């Protein structure tokens, strides 16, 4: 991908991993739409990232907001579905149905809404890429047989983890149905990062910029690169 006019959209890019992804893509020569629903934070993030960053009002849970955002974008080569929430660390038996609904609205339905809305413009790209920011806690394999680097807990964060498992399934389905059009669609396990996602992440997480490098690596995949994969921030394949 060496087109100087390359354009990317990162959802939830006003803070955390998303803002680092946007910054790194700008450094790679992209014009980057910083998707954010909060005007003040969105404008501040764009000012920090630089002149090739553009603020795009985008609430992934609002169909009208998604449609208005898609109507403003004439070219898109990379879509990074980064926006996500994790309301609590509760196990399923202690999680209200409404919390599941709210979590899926952002982490699953929001990804479908944004991806489908921007597919027409992505299809015009010579090298379309979609990166879905998932979580290692969504790996069913690791949840049942945890490795030394991963401790899933005792069924905690049920709404978040199950929503990311659903996102992983969508990643495979999008990859399968879009592969003949040249798309590369992959999921990223960023690792626990010091962001505002949940109290544990804020207290003990690693550098979010490191995770962003993994997302950018998937955004820059060559045409013979993988699709329908689940990868750690360092490029290591993660079992589903």
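The values are calculated or read from the model by the stated rules, or taken from the named source; none is laboratory data. Since we're looking at a predicted model, the values are computed, not measured. Glycine gets a Cβ as well: all are built from the backbone with ideal geometry, and neighbour counts include every protein chain shown.
Screening residue 114 against (1) part of a helix (DSSP H, G or I); (2) within 11 Å of residue 160 (Cα to Cα) leaves a single unmet condition, (2).
Counting only residues that are touching a helix residue (DSSP H, G or I) at 6+ places or on another chain (Cβ under 6 Å) and touching a residue at least 60 places away in the same chain (Cβ under 8 Å), which one in region 99-113 is surrounded by the most Cβ atoms within 10 Å (Cβ to Cβ)? Checked region 99-113; the qualifying residue surrounded by the most Cβ atoms within 10 Å (Cβ to Cβ) is 107.
Here is a check on your reading of the model: is residue 29 out of contact with any helix residue (DSSP H, G or I) (no Cβ under 9 Å at 6 or more places or on another chain) and either closer than 30 Å to residue 155 by Cβ or surrounded by fewer than 20 Cβ atoms within 10 Å (Cβ to Cβ) (or both)?
On the way: out of contact with any helix residue (DSSP H, G or I) (no Cβ under 9 Å at 6 or more places or on another chain): yes; either closer than 30 Å to residue 155 by Cβ or surrounded by fewer than 20 Cβ atoms within 10 Å (Cβ to Cβ) (or both): yes.
Judged against the criteria, residue 29 is a match.
Provide a single number: the residues in region 80-98 that are touching a helix residue (DSSP H, G or I) at 6+ places or on another chain (Cβ under 7 Å) and surrounded by fewer than 17 Cβ atoms within 10 Å (Cβ to Cβ). Matching residues across region 80-98 total 3. Whether a residue is more than 25 Å from residue 177 (Cβ to Cβ), modelled with pLDDT under 95 and surrounded by 14 or more Cβ atoms within 10 Å (Cβ to Cβ) was assessed, and residue 203 does not pass this test. Considering only region 181-191, I want to know if a residue exists there that is crowded, with 20+ Cβ neighbours inside 10 Å, modelled with pLDDT of 95 or more and assigned to a helix (DSSP H, G or I). No: zero hits.
No other residue among 50, 110 is within 30 Å of residue 182 (Cβ to Cβ) and at pLDDT below 95 apart from 50. The residue that is surrounded by the fewest Cβ atoms within 10 Å (Cβ to Cβ), among those in region 47-59 that are farther than 28 Å from residue 222 by Cα and touching a strand residue (DSSP E or B) at 6+ places or on another chain (Cβ under 8 Å), is 57.
Determine if region 61-75 includes at least one residue that is crowded, with 24+ Cβ neighbours inside 10 Å and either over 19 Å from residue 184 (Cα atoms) or in contact with a helix residue (DSSP H, G or I) (Cβ under 9 Å, 6 or more places away or on another chain) (or both).
Taking every residue of region 61-75 in turn, none turns out to be crowded, with 24+ Cβ neighbours inside 10 Å and either over 19 Å from residue 184 (Cα atoms) or in contact with a helix residue (DSSP H, G or I) (Cβ under 9 Å, 6 or more places away or on another chain) (or both).
Return yes or no: is residue 100 over 14 Å from the mean Cα position of the chain (by Cα) and under 17 Å from residue 179 (Cα atoms)? When the stated conditions are applied, residue 100 does not pass them.
For region 18-60, filtering for residues that are within 20 Å of residue 113 (Cβ to Cβ) and free of Cβ contacts under 8 Å to residues at least 24 places away in the same chain leaves 3.
Can you confirm whether residue 224 is at pLDDT 95 or above and in a loop (DSSP other than H, G, I, E, B)? It is true that residue 224 is at pLDDT 95 or above and in a loop (DSSP other than H, G, I, E, B).
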